[in-house]
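What follows is a short report on a single structure.
Bear in mind these aren't lab numbers, they're just calculated from the coordinates by the rules spelled out. Since we're looking at a predicted model, the values are computed, not measured. Please note: Cβ atoms are built from the backbone with ideal geometry, for glycine as well, and neighbour counts cover all protein chains shown.
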There are 2 protein chains.
Amino acid sequence: AVGLGAASAPQPPNILLLLMDDMGWGDLGVYGEPSRETPNLDRMAAEGMLFPNFYSANPLCSPSRAALLTGRLPIRNGFYTTNAHARNAYTPQEIVGGIPDSELLLPKLLKEAGYASKIVGKWHLGHRPQFHPLKHGFDEWFGSPNCHFGPYDNRARPNIPVYRDREMVGRFYEEFPINLKTGEANLTQIYLQEALDFIKRQQARQRPFFLYWAIDATHAPVYASKPFLGTSRRGRYGDAVREIDDSVGKILGLLGDLSLRDNTFVFFTSDNGAALVSAPRQGGSNGPFLCGKQTTFEGGMREPAIAWWPGVSYQLGSVMDLFTTSLSLAGLKPPGDRAIDGLDLLPAMLQGRLTDRPIFYYRGNTLMAVTLGQYKAHFWTWTNSWEEFRRGVDFCPGQNVSGVTTHTQEEHTELPLIFHLGRDPGERFPLRFDSAEYLDALGRISPVVRQHQGALVPGQPQLNMCDRAVMNWAPPGCEKLGKCLTPPEPAPEKCSWPH
Amino acid sequence: AVGLGAASAPQPPNILLLLMDDMGWGDLGVYGEPSRETPNLDRMAAEGMLFPNFYSANPLCSPSRAALLTGRLPIRNGFYTTNAHARNAYTPQEIVGGIPDSELLLPKLLKEAGYASKIVGKWHLGHRPQFHPLKHGFDEWFGSPNCHFGPYDNRARPNIPVYRDREMVGRFYEEFPINLKTGEANLTQIYLQEALDFIKRQQARQRPFFLYWAIDATHAPVYASKPFLGTSRRGRYGDAVREIDDSVGKILGLLGDLSLRDNTFVFFTSDNGAALVSAPRQGGSNGPFLCGKQTTFEGGMREPAIAWWPGVSYQLGSVMDLFTTSLSLAGLKPPGDRAIDGLDLLPAMLQGRLTDRPIFYYRGNTLMAVTLGQYKAHFWTWTNSWEEFRRGVDFCPGQNVSGVTTHTQEEHTELPLIFHLGRDPGERFPLRFDSAEYLDALGRISPVVRQHQGALVPGQPQLNMCDRAVMNWAPPGCEKLGKCLTPPEPAPEKCSWPH
Ligand SMILES: [Ca+2]
Ligand SMILES: [Ca+2]
């Protein structure tokens with residue numbers, strides 16, 4: 001991707017987003033994982049540009065992915081809930097909602113510049129037919145609409161379908177087996193082949209492509225194919241990481257072989273922090289950061305991020321920037337009729353120009369925290385409820401920062417907790433309220449928050465209603481497979497979001 | 001150092017040990033420090049061999065350094081105390097003891113192969129004249145016998161002397177100023193010049209050299225020289241790291257300029273984990289590991305370690321290995337009349353041959369824990385006392401692993417806590433006592449511990465007695481400077497070691 005700056009390119013650059021699922025900041029060798037089992041990603045980083053300060057848009061899959069593809073915070077694009085205060089919501093099988101038609105997704109916009117688009121892997125923006133990827137700009141899809149949880153009995157709950165384009169081609173634990181006991185599944189290999197085939201086909205057609213490789217082997221239940229099982233020093237989670245690393249090596253290798261390297265923008269990141277609640281066997285590492293997935297501490301939202309571009313960039317980045325940056329690479333502008341939160345990273349990458357911008361950390365419609373420069377202010381703290389914590393649900397195992405990792409929702413809007421993330425990346429030492437540094441940081445953060453909140457027009461929340469009748473009983477294509485199930489009677493109810 | 005394997009070398013390779021003070025595993029970019037401010041050390045690692053699993057011999061300065069230079073555990077070489085159970089001891093100004101004459105130090109042994117030896121920086125093996133470096137094999141010394149604590153009033157307690165060879169040339173906070181308010185001190189620059197000068201002189205003389213560069217800018221009170229102050233994103237501690245990184249770059253650069261690169265073994269590590277009790281302004285980072293300096297958790301004893309040699313090695317390593325490896329490079333054998341704990345790393349480095357060996361974690365004469373392969377067993381757990389903890393002395397800030405980070409000394413010798421360090425480097429999830437994995441790990445660890453303890457002949461403890469009269473009142477050379485102080489009457493007493 002070295003030649004991206006060249007104006008002489010015959011066509012706009014290809015765009016390849018490698019989006020991991022629940023992979024943490026600390027899971028790659030280049031980010032300090034002690035076992036150092038990611039030689040291909042480490043090489044990508046050595047040849048590329050590392051973003052040590054790169055953030056997801058939410059500590060959970062669906063909202064983070066909706067934000068990536070729309071360039072907009074979940075509070076704007078509707079991927080949130082108002083059922084209770086400050087709750088994370090996503091798209092399980094019983095969700096009624098999904099990505100609204102009013103949202104403009106990256107693949108749809110890239111069509112204007114002639115791009116062919118494919119999603120491989122997990123969609124998670126709604127599984128009902130009106131929400132599918134091909135309804136929102138993708139030309140191709142191989143993967144699933146929901147997480148690969150299961151197996152289910154196809155009575156109380158159907159197994160999750162796997163789609164090729166518009167139709168189901170099988171279900172997890174059936175045609176696409178995942179062995180929960182051994183951890184064996186061939187899915188990453190299938191997703192790898194889908195990526196390689198797509199790239200080769202577009203190269204043959206001389207068409208610019210957008211490939212969104214959204215694989216999920218590092219989301220519990222974690223899995224790997226046989227050649228990788230048992231090969232990691234880190235256990236099964238590490239096996240999954242090793243297979244992903246190997247696959248990324250093969251994809252980058254193909255780009256080289258096809259001489260696409262200089263005209264392809266490749267970006268690697270993850271949708272949210274490692275799920276420490278599943279650690280150590282089914283969850284990864286957030287390195288030196290506090291807590292994990294589900295939380296608005298750094299462990300929940302700071303992500304590994306590598307652009308295939310030389311250097312290190314201290315630009316505060318967000319997955320939403322991939323939307324705006326991709327449009328910029330294609331010579332397009334983001335839609336002018338709506339607020340866009342994504343930033344064009346090209347000035348940071350090509351000219352080293354840093355932009356002072358905030359990172360907002362939401363749970364539901366509650367602004368929990370904001371980072372500006374090196375300072376992070378928490379307006380609300382919450383890990384999870386005492387009730388759940390006492391049952392063993394722990395998003396911060398082994399970590400306990402007094403007054404910070406709280407099990408009741410604590411409001412600090414009048415006097416936020418502020419951390420200096422350079423000196424204290426682990427959010428362990430709040431600045432003293434009476435220090436000059438605190439007052440100075442607060443003085444810079446407050447107007448940014450006021451401006452954000454004053455101008456904010458929340459989207460209609462899409463993740464409030466659930467109904468067992470909308471589950472994947474009879475997805476398109478089920479007839480051909482003889483795999484249609486009979487849905488129960490509709491019984492809509494408010495979804496319960498405990499976190 | 002690439003050509004070290006060549007048998008055709010005209011003389012044995014030079015040996016350069018870069019020993020940091022209280023620098024943590026997580027303090028370098030290559031080990032995942034988010035600010036990534038160590039380009040020279042990261043390059044050294046990229047050109048060299050990283051040891052992700054490398055350990056100090058003790059979580060405190062003096063015993064760790066005594067072990068490095070003798071190749072022997074502190075329990076053997078006497079650098080421990082028996083004043084109370086499981087206590088860390090070191091060499092403050094009032095210590096009566098020091099390195100015994102019966103110990104054979106690396107520079108003394110290297111003399112047999114014609115090496116010229118110099119220590120630059122902190123000695124910490126006893127400050128009374130009989131313990132000085134030049135009495136134990138070093139040809140030259142520039143630096144200090146104790147930590148750079150102070151300033152003192154030269155009445156209740158003298159300022160720490162700085163030596164050139166056999167004589168004091170000034171004192172910290174006097175001729176060698178450290179500004180505690182601004183953090184400014186020129187010491188790292190002086191230590192750098194001492195290193196460069198020594199290397200150039202030995203090169204001119206065509207003599208193999210051993211340089212032990214034991215600098216201390218990252219030990220509280222941390223300091224940096226003016227050009228580096230305020231330049232780090234991490235605050236003053238980061239300023240110190242940046243100056244060290246720059247200095248290492250200059251030293252490696254000189255080796256290149258003098259064409260010494262292929263015949264010099266360079267190794268970078270630290271004497272113990274980051275002092276989290278001083279974080280975030282005066283202490284570093286132990287990355288994903290538990291607790292810090294003073295403790296026998298991974299944060300206390302796992303160290304950054306880089307050999308200037310290509311690759312990554314999973315060999316469990318120890319600072320004591322630098323003793324045996326250095327002798328091996330010089331064509332010498334370790335003394336045969338005593339137990340040596342250091343391993344020759346050359347087979348691991350040159351042929352990738354891994355040796356299964358234990359890492360022992362001691363506090364005083366108590367074996368707290370042992371690591372064998374990926375498994376670590378804790379026989380005793382203790383962070384520090386409730387009494388001190390309640391006063392704010394916290395070696396594990398923000399961390400709290402139930403039953404592991406204990407504030408009373410907890411014995412687990414019958415049923416040790418066992419962690420898998422690959423899956424769980426942060427020591428958060430002890431294996432279940434009734435699991436097959438636990439029983440298997442215990443079955444392999446137990447005989448190793450029995451053998452170790454059965455064969456152990458503890459050395460005479462050297463760190464039990466303290467006396468204000470032995471402080472640095474009138475070090476050799478004080479007359480020339482007019483800096484002799486009058487010592488008080490001898491009043492020997494047992495030292496108090498609270499941790
Ligand atoms: Ca996720
Ligand atoms: Ca130390």
Could you rank the peptides A:298-306, A:344-352 by their average count of other C-beta atoms within 10 Å per residue, with the highest value first? A:298-306, A:344-352
Can you list, shortest first in nanometers, how far B:S385 lies from the same residue in the other copies, with each label 7 Å from Cα toward Cβ? 4.3
Starting from the Cα gyration tensor of chain A, take the square roots of the eigenvalues, sort them a ≥ b ≥ c, and report rounded, prolate or oblate (rounded when a/c is under 1.5, otherwise prolate if a/b is larger than b/c, else oblate). rounded
When only Cα pairs under 8 Å and 6 or more residues apart are kept, what is the percent relative contact order across the stretch B:365-499? 19 percent
When only Cα pairs under 8 Å and 6 or more residues apart are kept, what is the percent relative contact order across the stretch B:4-144? 16 percent
What's the extension gain from A:D434 to A:R205 if we count 0.36 nm per residue and subtract their Cα-Cα distance? 76.1 nm
Take the rotation relating chain A to chain B, measure from its axis to every Cβ in chain A, and name the nearest residue with the distance in whole Å. A:G32, 1
Just to confirm my numbers, what's the Cα centroid distance between the stretch B:147-167 and the stretch B:171-213 in Å? 17 Å
Rounded to the nearest 5, what is the percent of antiparallel bridges among the DSSP beta bridges in chain B? 50 percent
The stretch B:357-392-the stretch B:399-465 distance, computed between alpha-carbon centres (Å): 7 Å
Pop out the ³J(HN,Hα) list for the stretch B:427-432 in order, Karplus 6.51 cos²θ - 1.76 cosθ + 1.60 with θ = phi - 60°, rounded to Hz; leave Gly and Pro as x. 6, 9, 10, x, 5, 5
Mean residue ellipticity (222 nm) of the protein assembly as shown, computed from DSSP H runs ≥ 4 via -39,500 (n - 2.57), nearest 500: -7000 deg cm²/dmol
Selection from A:P12, B:N464, A:H124 lying farthest towards where the dipole of the protein assembly as shown points positive, charges on Cβ: A:P12
Looking at chain B, do any whole DSSP H helices span at least 15 angstrom along their long axis by alpha carbon and average 0.5 or above on Kyte-Doolittle, and which? B:319-329
Amide H contacts under 5 Å for A:L290, restricted to residues at least 5 apart in sequence or on another chain and with H modeled in the peptide plane, are A:E298, A:G299
Per the charge dipole of the protein assembly as shown (beta-carbon charges, Lys/Arg positive, Asp/Glu negative, Cα centre), the residue among B:G26, A:F389, A:V404 reaching farthest to the positive end is B:G26
Inter-copy distances for B:P39, nm, shortest first, label points 7 Å along Cα→Cβ, are 2.8
For a test of the definition: using alpha carbon positions, the gyration tensor, and the 1.5 limit on a/c, classify the stretch A:149-270 as rounded, prolate or oblate. oblate
As I understand it, the dipole of the protein assembly as shown uses +1 on the Cβ of Lys and Arg and -1 on the Cβ of Asp and Glu, about the Cα centre. Which of A:A348, A:P488, B:L68 lies farthest toward its positive end? A:A348
Pseudo-spin-label distance B:C484 to B:R357, built 7 Å along Cα→Cβ, given in nm, is 4.7 nm
Spelling out what I want: for every residue of the stretch A:397-407, take phi, set θ = phi - 60°, compute 6.51 cos²θ - 1.76 cosθ + 1.60 (Karplus), and round to whole Hz; glycine and proline get x. x, x, 10, 7, 10, 4, x, 10, 8, 8, 9
Size of electric dipole in the stretch A:140-231: Cβ of Lys, Arg +1 and of Asp, Glu -1, about Cα centre, debye, nearest 20: 160 debye
Filtered pair list for the stretch A:99-200 (Lys only, Cα < 26 Å, 8 or more apart or interchain) has a length of 13
Give me the net charge of B:I340's neighbourhood, meaning all other residues with Cβ under 11 Å from the Cβ of B:I340; Lys, Arg count +1, Asp, Glu -1. 0
Restricting to the protein assembly as shown, what percent of DSSP beta bridges are antiparallel, rounded to 5? 50 percent
Sorted shortest first, the nm distances from the A:E489 label point (7 Å along Cα→Cβ) to its counterparts in the other copies are 10.0
About the Cα centre of the protein assembly as shown, what is the dipole size in debye to 20, counting +1 per Lys and Arg Cβ and -1 per Asp and Glu Cβ, all else neutral? 540 debye
At a 4.7 angstrom Cβ threshold, list every cysteine in chain A that has nobody to pair with, or say none. A:C61, A:C147
Quick one: what are the phi-derived ³J(HN,Hα) couplings along the stretch A:104-109, Karplus 6.51/-1.76/1.60 with θ = phi - 60°, whole Hz, x for glycine and proline? 9, 9, 3, x, 5, 5
What is the distance in Å between the Cα centroid of the stretch B:83-103 and that of the stretch B:276-294? 24 Å
Rounded to the nearest 20 Debye, what is the dipole magnitude of chain A about its Cα centre when Lys and Arg each give +1 and Asp and Glu each give -1 at the C-beta? 500 debye
